[in-house]
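Below you'll find the structure, written out as structure tokens, and then a few comments.
The values are calculated or read from the model by the stated rules, or taken from the named source; none is laboratory data. In this text the structure is predicted, and so the values were computed from the model without any measurement. Counting neighbours? That spans all protein chains shown, and the Cβs are built from the backbone with ideal geometry, glycine included. Ligands, DNA and RNA are stripped out before the accessible areas are found, and what is left, the full protein with its side chains, is counted by its heavy atoms. Shrake-Rupley method; radii C 1.70, N 1.55, O 1.52, S 1.80 Å.
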Amino acid sequence: MRQGWGVFRGCVIAMLALICGCSTPKPPSYTRFPQTLIPPPPATPESAATISTAPSASTGPAQPPVVLDSNAVAPLRSAAIAPVATPSPAPNDNEPWTPIAIWCRSKGLPTPEIQAGSRAVKIGGITHFLGFEPIDQGGTICIHPLDRIKTFEPLTLAPTWPHPKILVLDPGHGGAQAGSRCLTGNRFEKEFTLDWALRLKPLLEAQGWTVTLTRTNDSELSLTDRVRLAETQQAGLFISLHFNSSFPNTQAHGLETYCLTPCGLTSTTTRVYADDTTATFPNNQHDAGNLVLARRIHRHLLSATGASDRGIRRARFMDVLRGQNRPAVLVEGGFLSNAEESQRINTPAYRQRLAVGVAHALE
Ligand SMILES: [Zn+2]
């Protein structure tokens with residue numbers, strides 16, 4: 001923890017209630033920390049239940065707002081989340097915004113495609129979303145120091161795999177939780193996520209991973225159970241597999257990879273949840289590892305499928321990620337609400353490419 005973040009206030013708010021059988025999501029339990037001390041320009045989260053895609057010039061024209069895979073990550077039950085004792089690293093008081101092109105050069109990183117006012121930035125050709133809009137200071141694009149720490153500094157880290165190499169793969173949905181409906185053919189997300197996971201498992205095992213699936217058939221399990229399985233397996237990584245839907249909008253297409261939003265940053269996607277930027281969850285201990293994993297998977301999936309890059313995104317509402325004591329990501333492998341993409345997803349050959357993409361990321 002860096003100087004100036006202030007002393008951890010110790011006001012752990014244990015207000016989590018399990019919402020089994022309750023249709024109204026309740027606020028999660030979390031630990032509060034002081035908000036970033038530097039007055040940032042206001043960052044605008046995506047509106048509840050909708051997202052806009054990469055508005056920067058680097059990612060082409062903005063696509064229409066779409067509703068995300070609405071069944072994908074809505075909590076069946078809230079995970080019982082223990083408070084965290086150590087907050088995320090934070091910038092020093094009054095640390096100035098970072099001239100990012102200069103900083104990247106000093107670290108031997110590629111110059112990012114970035115513009116003032118847009119949270120979408122391409123780094124090494126991959127779209128990421130920042131927590132704050134970059135600003136133009138005398139012709140130099142500068143980013144908030146927390147964005148430097150949480151998005152750019154992890155790029156300097158070499159990926160390291162856990163020892164032993166134990167991984168839990170989570171085919172999203174199952175049973176009555178069918179997920180999104182495929183626009184082409186009367187099939188549902190739950191079938192495709194399971195097939196993706198079953199194809200991926202042997203590929204990863206051939207690479208020396210011990211792989212456990214949260215489900216191997218059409219069974220229904222809670223998000224709490226999925227997190228618990230990763231715990232009992234002592235998994236070093238957790239990957240949740242989903243497909244997206246924006247129905248009735250049928251235009252959106254492409255890949256999205258999610259990790260938990262680091263403390264202090266605004267989420268890319270908020271949905272109906274308040275995006276409390278002071279919240280820290282257990283999985284925030286793995287902010288850097290989450291991003292390294294997300295970036296590798298996202299990059300290799302783009303390469304394996306040729307799909308559009310909708311970016312590495314951050315959200316706080318995903319129970320299946322928040323309580324994870326290991327690097328964890330959620331992948332949306334394409335839009336079942338898009339005619340072309342759903343047709344591709346409906347083919348075993350394309351799902352094999354999705355499996356190969358993730359496997360290559362974990363080599
Ligand atoms: Zn889903």
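For the list (1) in contact with an Asp or Glu (Cβ under 9 Å, 6 or more places away or on another chain); (2) open to solvent by 10 Å² or more (accessible area, probe 1.4 Å); (3) within 16 Å of the ligand (Cβ to nearest atom), I need the number of the one condition that F247 fails.
Of everything listed in (1) in contact with an Asp or Glu (Cβ under 9 Å, 6 or more places away or on another chain); (2) open to solvent by 10 Å² or more (accessible area, probe 1.4 Å); (3) within 16 Å of the ligand (Cβ to nearest atom), F247 misses just condition (1).
Taking interchain pairs and intrachain pairs at least six residues apart, which have beta carbon atoms under 6 angstrom, with the first residue in segment 93-105 and over 9 Å from T140 (Cα atoms) and the second open to solvent by less than 40 Å² (accessible area, probe 1.4 Å) and among the aromatic types (F, W, Y)?
none
Could you please tell me which pairs satisfy a Cβ distance under 6 Å, a separation of 6+ or placement on different chains, a first residue in segment 180-196 that is small (G, A, S), and a second residue that is open to solvent by 30 Å² or more (accessible area, probe 1.4 Å) and within 14 Å of the ligand (Cβ to nearest atom)?
The qualifying pairs do not exist here.
Every residue, every condition in (1) assigned to a loop (DSSP other than H, G, I, E, B); (2) over 14 Å from the mean Cα position of the chain (by Cα); (3) of a type in the set (F, W, Y), yes or no:
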residue	(1), (2), (3)
N284	no, no, no
R296	no, no, no
L302	no, yes, no
G311	no, no, no
R326	yes, no, no
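Go over the candidates S337, S267 one by one and state the one that is more than 23 Å from T214 (Cβ to Cβ), part of a loop (DSSP other than H, G, I, E, B), under 14 Å from the mean Cα position of the chain (by Cα) and among the small types (G, A, S).
Within the list S337, S267, the selection yields S267.
All but one of (1) surrounded by fewer than 24 Cβ atoms within 10 Å (Cβ to Cβ); (2) more than 21 Å from P159 (Cβ to Cβ); (3) in contact (Cβ under 8 Å) with a residue 12 or more places away in the chain hold for H300, so report the exception by its number.
Here H300 clears every test but (2).
Scanning for something open to solvent by 40 Å² or more (accessible area, probe 1.4 Å), in a loop (DSSP other than H, G, I, E, B), at pLDDT 90 or above and β-branched (V, I, T), does segment 102-111 turn up at least one residue?
There is at least one residue in segment 102-111 that is open to solvent by 40 Å² or more (accessible area, probe 1.4 Å), in a loop (DSSP other than H, G, I, E, B), at pLDDT 90 or above and β-branched (V, I, T).
Pick from P145, P164: which is more than 16 Å from the ligand (Cβ to nearest atom) and open to solvent by less than 20 Å² (accessible area, probe 1.4 Å)?
P145
When you scan segment 327-341, do you find a residue that is among the charged types (D, E, K, R), farther than 24 Å from L223 by Cβ, assigned by TED's automatic domain parsing to the domain that holds R199 and open to solvent by less than 10 Å² (accessible area, probe 1.4 Å), even just one?
yes
Restricting to segment 170-191, count the residues that are open to solvent by less than 60 Å² (accessible area, probe 1.4 Å) and away from the ligand (no atom under 14 Å from the Cβ).
2
For the subset of segment 213-244 comprising residues that are among the basic types (K, R) and within 22 Å of P162 (Cα to Cα), which member is surrounded by the fewest Cβ atoms within 10 Å (Cβ to Cβ)?
Per the stated criteria, the residue is R228.
Quick one: which residue in T268, T257 is in contact with a helix residue (DSSP H, G or I) (Cβ under 7 Å, 6 or more places away or on another chain), open to solvent by less than 10 Å² (accessible area, probe 1.4 Å) and in contact (Cβ under 8 Å) with a residue 40 or more places away in the chain? Show your work before the answer.
Numbers: T268 fails: in contact with a helix residue (DSSP H, G or I) (Cβ under 7 Å, 6 or more places away or on another chain).
Exactly one residue qualifies, and that residue is T257.
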